[in-house]
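Asker: The structure is given below, and queries will be raised subsequently.
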Amino acid sequence: MLEKGRISSSQLGVMMFLTMIATVVLTVPSLTGKYAGNDMWLSPIWASGTGFLTLFIMVGLHRIFPGMSIIQYVEQITGVLIGKGIGILYVCFLIHTTGIVVRTYSEFIVNAFLDRTPIVVVTGSMLLLTGYAVICGLETISRLAQFFLPLFLFPLLFFPLLGKDMEFGNIFPILNDGLIPSIKGAIVPQAWYSEIFLVNFLLPFLADPDKALRACVFSIIGMILDLILCCLVVLFIFGRQVTDLIYPVMYAFGYIRIADFLENLESLAMMLWVVGAFVKIAVFHYVSILSISQWLRLSSYRSVVWPITLFIGLCSMWAIPNQQELLYYTGTTFPILSLIVHVLLPSLLFGLAWLRFRSRKGTPAAAGHQNRRFGREG
């Protein structure tokens, strides 16, 4: 079997929370503010609908095909030829998305802090760490996520110190132009909510799968609250000027002053970004390796870790030439692609599976048996 380790539902919930929110928490206010204005804090609520829908679809497919990922059961739904085509589509999308996530992390570190460091050094060092974590296995990644969660949340405790710099009147008028602007503002962040799709690859390795749905629901709720908090803080500080800032949350940390000796706390934003990005990249990295291994029916995924890691690194450098193109991609192309790959296509597969199996008594159980056969084959 490709993965012998087992994780708990709580570990899954922590991994999904950090995976979804890590690279969006510092940028989402400026992305949503362009459309929603001072109603940007409502957009994470509307965007969460995509996350909940994706989660219920993934859990539904897992119940029909217990112990299998979409790479494995898509062949049972559509046939081998079409299934292989859809499978390689997901493999390519996952590898490409992992490269984009790595590039997003590297751009932030280089542009905000290490401006004299070549971006290839930042990218390579992160991929070496996550590659080693992938080799260590899913249990290692899940335990690292649990360890890093307090470090990720710790900087948020400093937000009350910004009270003197906040203008709470910036939130008014609320819904001055109706719901439409805040709904438009939800189009971009919904892409990050839809990354709950990755549970599809992790559910087979749960020790307590009956608690997975609740854990992931809490992850989405936690993301909603975190994004609302960040949107409100930067709205109170910068007002509508937030749309002119690439990393408004980081700039907000720069306003923190404790007496006259503790200031310039942008490093807190860096800590928040680095620990969250590590977990996100590690999870995407792991799922990318697992998906290609399942598609090729390998007996072990560790043999392809470093070749795929190198390919991810090349993808991160070649797919996006500069930060402007990266911002354009994440604000326009990525939300559409994620909606298709994470939501619409799985919805279609779920509908086909339900129609095909509802009149065939015992077929889901047979699917579970087929999965055990796949497990022995790798």
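The values are calculated or read from the model by the stated rules, or taken from the named source; none is laboratory data. The structure presented is a predicted model; accordingly, all values stated were derived computationally and were not measured. Heads up, the Cβs are rebuilt from the backbone with ideal geometry, glycines too, and the neighbour counts pull from every protein chain shown. These accessible areas exclude ligands, DNA and RNA; they are computed on the full protein's heavy atoms, side chains included. Shrake-Rupley method; radii C 1.70, N 1.55, O 1.52, S 1.80 Å.
Asker: Would you point out the residue of the range 115-128, among those that are assigned to a loop (DSSP other than H, G, I, E, B) and either open to solvent by less than 70 Å² (accessible area, probe 1.4 Å) or at pLDDT 90 or above (or both), that is farthest from SER316 (Cα to Cα)?
Answerer: So, considering only residues that are assigned to a loop (DSSP other than H, G, I, E, B) and either open to solvent by less than 70 Å² (accessible area, probe 1.4 Å) or at pLDDT 90 or above (or both), the one farthest from SER316 (Cα to Cα) is ARG116.
Asker: Kindly indicate the residue of the range 87-114 that is assigned to a helix (DSSP H, G or I) and open to solvent by 30 Å² or more (accessible area, probe 1.4 Å) and also nearest to VAL341 (Cα to Cα) among those meeting that condition.
Answerer: Residue satisfying both the conditions and the ranking: LEU89.
Asker: Could you check, for the range 56-69, whether at least one of its residues is open to solvent by less than 30 Å² (accessible area, probe 1.4 Å), touching a residue at least 40 places away in the same chain (Cβ under 8 Å), within 17 Å of the chain's Cα centre (by Cα) and farther than 17 Å from ILE196 by Cβ?
Answerer: Checked against the condition, which is being open to solvent by less than 30 Å² (accessible area, probe 1.4 Å), touching a residue at least 40 places away in the same chain (Cβ under 8 Å), within 17 Å of the chain's Cα centre (by Cα) and farther than 17 Å from ILE196 by Cβ, the range 56-69 yields no hits at all.
Asker: Failed condition for LEU225, given (1) in contact (Cβ under 8 Å) with a residue 40 or more places away in the chain; (2) under 19 Å from the mean Cα position of the chain (by Cα), with all others met?
Answerer: It is condition (1) that LEU225 fails.
Asker: Of the conditions (1) surrounded by 21 or more Cβ atoms within 10 Å (Cβ to Cβ); (2) β-branched (Val, Ile, Thr); (3) more than 20 Å from PHE284 (Cα to Cα), ILE183 clears all except one; give me its number.
Answerer: (1)
Asker: Within the range 129-246, which helices (runs of 4 or more DSSP H) (wholly inside it) include 3 or more residues that are at pLDDT 90 or above and closer than 19 Å to ARG6 by Cα?
Answerer: 138-153, 199-202, 212-238
Asker: Since LEU31 meets every condition but one in (1) at pLDDT below 90; (2) over 15 Å from TYR193 (Cα atoms); (3) part of a helix (DSSP H, G or I), which condition does it not meet?
Answerer: The one condition LEU31 does not meet is (2).
Asker: Which members of the range 97-121 meet the condition of being under 24 Å from LEU265 (Cα atoms) and touching an Asp or Glu at 6+ places or on another chain (Cβ under 9 Å)?
Answerer: Of everything in the range 97-121, those that are under 24 Å from LEU265 (Cα atoms) and touching an Asp or Glu at 6+ places or on another chain (Cβ under 9 Å) turn out to be ALA112, PHE113, ILE119.
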